[in-house]
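Step one of this worksheet: look at the structure below.
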């Protein structure tokens, strides 16, 4: 069976990471991921083909599309992307076309998805089931009623199934999309998508890093990095004020953090024994397994990986919209990572928080929400393909 998975990341790498985690569970199927955001240093499973579109991105306000290559023309990039998308569908003839976020988000990409999905509905590519892959919470809109009508028009005309990568006990779609009851296609909750570390990862990684018994390791991260500068800088200054002795700090600044800010962080870390600043980890779950405490942005993927690891953690939500804070606040009440406010990034306050985290035992019991989203998504997709036989 063939699956074509469309995933367009525009600011961070979270959407692509989640898509790759689902793809990992579909080994044995022919699977292609078509993407067109900035280059992301993420490993693809061996069975997954990567199809790259000319890159488009957005600023942190999600207000306007820009070519990743500033030397190219936006309208020419759009035309070329449409052509390559139709070519991919014609060549692959997928049984399932899986679309990440759209039409609930990525409305700026309707220029290529509306005609492609319409052609699929008209049978141009043979029998194909169309599926939405959606996270738990949607960002708020200035004209919510108009937005929801726009979404429903496309969802009900163009899609066969909606997969929501969430646990409805924590967050259900109707809390951020009031017309959930008007959705015509089947709606299935999969649980949250997380990436747990392999068995024995903690010991292997700590030996690799040369960590002594009892030495405390902090991992600090900012996802893609484009909006994570404040928490990264604050963590380095707080590290100088720790009461925790014999500590190490590994910071992952993110592939999209601007070069000037990254250079400042690197320079500062060189003055701090035990601190190092890196761009990105291709195996973040293993980094968390080796660590004793974590500070990070509060993105979906990072938060779920923190829950999977059980590590004591604190998260700083992105303030541009409600999505990260809504999820993080509810998880905090269930014993998940603590939520940091802007004022908590003051170095003395943050150092005290880091000391408390370092003294907190790792959670050993089950996580407070369902984290089997990747496996359940794969099963539901396979069931859908089975119906086509």
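Overview of values
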{"read-out": "Bridge type composition, the chain - antiparallel percent by DSSP, nearest 5", "value": "10 percent"}
{"read-out": "Kirkwood hydrodynamic radius over Cα pairs of region 284-334, then Stokes diffusion coefficient at 10 °C and 1.306 mPa s, in µm²/s", "value": "143 µm²/s"}
{"read-out": "Using a Förster distance of 22 Å, the FRET efficiency for residue 285-residue 379 (Cβ separation, nearest 0.05)", "value": "0.55"}
{"read-out": "Diffusion constant of region 129-274 at 4 °C, which comes from Stokes-Einstein with the Kirkwood Cα-pair radius and 1.567 mPa s, µm²/s", "value": "67 µm²/s"}
{"read-out": "Gain on full stretching of the segment that runs from residue 321 to residue 215 - 0.36 nm per residue minus C-alpha separation", "value": "34.4 nm"}
{"read-out": "Theoretical gain in end-to-end length, residue 82 to residue 145 [0.36 nm per residue, Cα-Cα removed]", "value": "19.8 nm"}
{"read-out": "Contour minus Cα-Cα distance for residue 110 and residue 346 (0.36 nm per residue)", "value": "80.7 nm"}
{"read-out": "Rounded to whole Å, sorted largest first: equivalent-ellipsoid semi-axes of region 201-358, Cα gyration tensor", "value": "21, 18, 16"}
{"read-out": "The chain: most fluctuating residue of 70, 168, 255 per GNM, C-alpha cutoff 10 Å", "value": "70"}
{"read-out": "Mean separation of Cα contacts under 8 Å, 6 or more apart, over the residue count of region 188-249: relative contact order %", "value": "39 percent"}
{"read-out": "On Cα atoms only, tilt of 14-24 relative to the major axis of the chain in degrees", "value": "70 degrees"}
{"read-out": "Stokes-Einstein D for region 1-70, Kirkwood Rh over Cα pairs, 10 °C, 1.306 mPa s (µm²/s)", "value": "125 µm²/s"}
{"read-out": "Column: log10 I(q)/I(0), Debye, Cα scatterers of region 1-143, q = 0.10, 0.17, 0.18 Å⁻¹", "value": "-0.32, -0.98, -1.10"}
{"read-out": "Tilt relative to the chain, helix 373-387 - C-alpha long axis, 0 to 90 degrees, to 10", "value": "20 degrees"}
{"read-out": "Fewest-first sequence of 65, 173, 98 by Cβ atoms within 10 Å of each Cβ", "value": "65, 173, 98"}
{"read-out": "Between helix 110-121 and the chain: long-axis angle, C-alpha atoms, 0 to 90°, nearest 10", "value": "50 degrees"}
{"read-out": "Exposure proxy order (Cβ contacts within 10 Å, fewest to most) of 219, 48", "value": "48, 219"}
{"read-out": "Convex hull of the chain built on C-alpha atoms - directionally averaged projected area, nm²", "value": "19.0 nm²"}
{"read-out": "Among 335, 224, 310: highest mean-square fluctuation, GNM of the chain, C-alpha pairs under 10 Å", "value": "335"}
{"read-out": "Taking 387, 112 and counting other C-beta atoms within 10 Å, the order from fewest to most", "value": "387, 112"}
{"read-out": "Efficiency of FRET from Cβ geometry, residue 174 and residue 278, R₀ 35 Å, rounded to 0.05", "value": "0.30"}
{"read-out": "Relative contact order (percent, whole number), the chain, Cα cutoff 8 Å, 6+ residue spacing", "value": "17 percent"}
{"read-out": "Cβ-Cβ FRET estimate between residue 372 and residue 52, R0 fixed at 30 Å, reported to 0.05", "value": "0.50"}
{"read-out": "Computed [θ] at 222 nm, deg cm²/dmol, the chain (DSSP H ≥ 4; -39,500 (n - 2.57); rounded to nearest 500)", "value": "-11500 deg cm²/dmol"}
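Each value in this text was obtained by applying a stated rule to the coordinates, not by laboratory testing. What you see is a predicted model; the values in this text were computed from it and never measured. Neighbour counts are summed over all protein chains in view; Cβ atoms, including those assigned to glycine, are modelled from backbone coordinates with ideal geometry.
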